[in-house]
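The values are calculated or read from the model by the stated rules, or taken from the named source; none is laboratory data. Because the structure is a prediction, the values reported are computed rather than measured. When we count neighbours, we look across all protein chains shown, and the Cβ atoms used for this are built from the backbone with ideal geometry, even at glycine.
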2 protein chains.
Amino acid sequence: MSSAGDTREAIMQAGRLAVQAHGYNALSFRELAKEVGIKSASVHYHFPTKGDLAAALAGRYADEAEAFLAELSASGQGHDEVMRAYAGAFRLALANENRMCLCGIMTAEYDDLPPPARTEVDRFARVNVEWLARTLAARRPGETARALEPRAVAIFAAIEGAQLIARGRKDVAAFDQIVTTYQSIGLLD
Amino acid sequence: MSSAGDTREAIMQAGRLAVQAHGYNALSFRELAKEVGIKSASVHYHFPTKGDLAAALAGRYADEAEAFLAELSASGQGHDEVMRAYAGAFRLALANENRMCLCGIMTAEYDDLPPPARTEVDRFARVNVEWLARTLAARRPGETARALEPRAVAIFAAIEGAQLIARGRKDVAAFDQIVTTYQSIGLLD
DNA sequence: ACCTGAACACCGTTCAAGT
DNA sequence: ACCTGAACACCGTTCAAGT
């Protein structure tokens, strides 16, 4: 039994894993087609160009991040636990066969992305930074989220960098160690 | 007049700029050949495979980093100036048409690199971390460089992340702001 | 609505052939 | 020593044709 959108969904699942492992440039419609069990021309029926698929993948990734962060904020956990859970989301990609944040790897390939894909990658970054700024502001009575944005950007950059460097070491423990160091000097407070 | 190694050198110059802008996967021997004024088959004479060129580029990049850092240590500047100059080296890539650290972008493509290229990318990371650990140890009488390596790794990751995120924003000022935030919380001390 | 084969201009790589 | 054209199996993309 197959229902409407199943093939499109299978393409996105395979595409997401491929991009998180090898990046946008290395993504192959022919390999994707083989995995899904169709011909490469059929992939183009669902996603006219590689850029369209990339935009769809990044868009969904940003949506999922938004939902995850909203839930995390509503979880009632303390600040330290919340920040640990935030870092844990990036840890998950590394634990999944040394993959990266989909938008992190696409940021490295930024110049090769068509504008619609860039827009979604930018949105993922914005979702992260704005959530971090609000989370930081929640425990600082006098300060606004707006004023804390520079600090939020720094945290986001530091976490993405930790993932990148840990990936190069093929060692999730390196990510944990870096995040622990960030915590110990108060970057995540 | 052309001397021995001129063509090989021209390939490396063009290749370096291309990788820093678009990454290893997007590098094209045919485009490189056009820029240099030879045929793509001739590029293979100098670098048998794309992986060989990537390894040569990363190897030279690591060598240059090593030389730059040795000079910086010998410059007699204070710690804050030295760390500003360190960040300034990463800033330079961004200022050069929004490019990235050659090894940073290749770390994102780690899974697609042949082993010899990975070795050089790893060496670049090691050169940075060891220099940072020694630099941190120089102003901490009781502590060894070895013991400060976790902190050195965290600094390296944070700087690479700052470059990645600033690149996504196409804004060198974002890099400066992130580094300033790192400084203000004492990450670079 | 969804899939396909065939064609196009690209790509890295190989190799026999040139100078 | 250095370069080349031609070939190979790949790639994204298009399109007329199928069901």
For the range A:16-57, give me the residue count where each residue is within 11 Å of DNA strand D (Cβ to nearest atom), without any contact (Cβ under 8 Å) to a residue 60 or more places away in the chain, assigned to a loop (DSSP other than H, G, I, E, B) and farther than 27 Å from A:Gly168 by Cα.
3
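Consider B:Glu109 carefully, then state whether it is of a type in the set (Asp, Glu) and within 14 Å of chain A (Cβ to nearest Cβ).
Criteria met by B:Glu109.
Among the residues in the range B:128-137, are any among the charged types (D, E, K, R), more than 22 Å from A:Val127 (Cα to Cα) and more than 9 Å from chain A (Cβ to nearest Cβ)?
Narrowing the range B:128-137 to residues among the charged types (D, E, K, R): B:130, B:134.
If we keep only those that are more than 22 Å from A:Val127 (Cα to Cα) as well, we get B:130, B:134.
Still in the running and more than 9 Å from chain A (Cβ to nearest Cβ): B:130, B:134.
Yes, there is a match, as at least one residue in the range B:128-137 is among the charged types (D, E, K, R), more than 22 Å from A:Val127 (Cα to Cα) and more than 9 Å from chain A (Cβ to nearest Cβ).
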Restricting attention to the range A:88-95, does a residue exist that is surrounded by 15 or more Cβ atoms within 10 Å (Cβ to Cβ) and within 13 Å of DNA strand D (Cβ to nearest atom)?
no
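If we keep just the residues of the range B:121-132 that are farther than 19 Å from A:Met100 by Cα and buried (at least 23 other Cβ atoms within 10 Å of the Cβ), which is nearest to the chain's Cα centre (by Cα)? Spell out the reasoning first.
Of the range B:121-132, the ones farther than 19 Å from A:Met100 by Cα are B:123-124, B:126-132.
Then drop every residue that is not buried (at least 23 other Cβ atoms within 10 Å of the Cβ), which leaves B:124, B:128, B:132.
On the way: B:Phe124: 7, B:Asn128: 9, B:Leu132: 15 Å.
Applying the filter and picking the extreme gives B:Phe124.
Residues checked against (1) farther than 15 Å from B:Gly104 by Cβ; (2) out of contact with any Phe, Trp or Tyr (no Cβ under 9 Å at 6 or more places or on another chain); (3) at pLDDT below 95:
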position: B:Pro150; (1), (2), (3): yes, yes, no
position: B:Ala158; (1), (2), (3): no, no, no
position: B:Ile165; (1), (2), (3): no, no, no
position: B:Lys170; (1), (2), (3): yes, no, no
position: B:Phe175; (1), (2), (3): no, no, no
position: B:Gly186; (1), (2), (3): yes, yes, no
Determine whether A:Ala67 is surrounded by 15 or more Cβ atoms within 10 Å (Cβ to Cβ) and part of a helix (DSSP H, G or I).
no
Breaking point among (1) in a loop (DSSP other than H, G, I, E, B); (2) surrounded by 15 or more Cβ atoms within 10 Å (Cβ to Cβ); (3) within 14 Å of DNA strand D (Cβ to nearest atom), for B:Thr7
(1)
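Does A:Ala26 qualify as being more than 16 Å from DNA strand C (Cβ to nearest atom) and surrounded by 15 or more Cβ atoms within 10 Å (Cβ to Cβ)? Full working, then the answer.
Details: more than 16 Å from DNA strand C (Cβ to nearest atom): no; surrounded by 15 or more Cβ atoms within 10 Å (Cβ to Cβ): yes.
Taking the combined requirement at face value, the residue does not satisfy it.
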If I filter the range B:144-159 for residues that are in contact (Cβ under 8 Å) with a residue 40 or more places away in the chain, surrounded by 18 or more Cβ atoms within 10 Å (Cβ to Cβ) and of a type in the set (A, V, I, L, M, F, W, C), do I get at least one hit?
yes
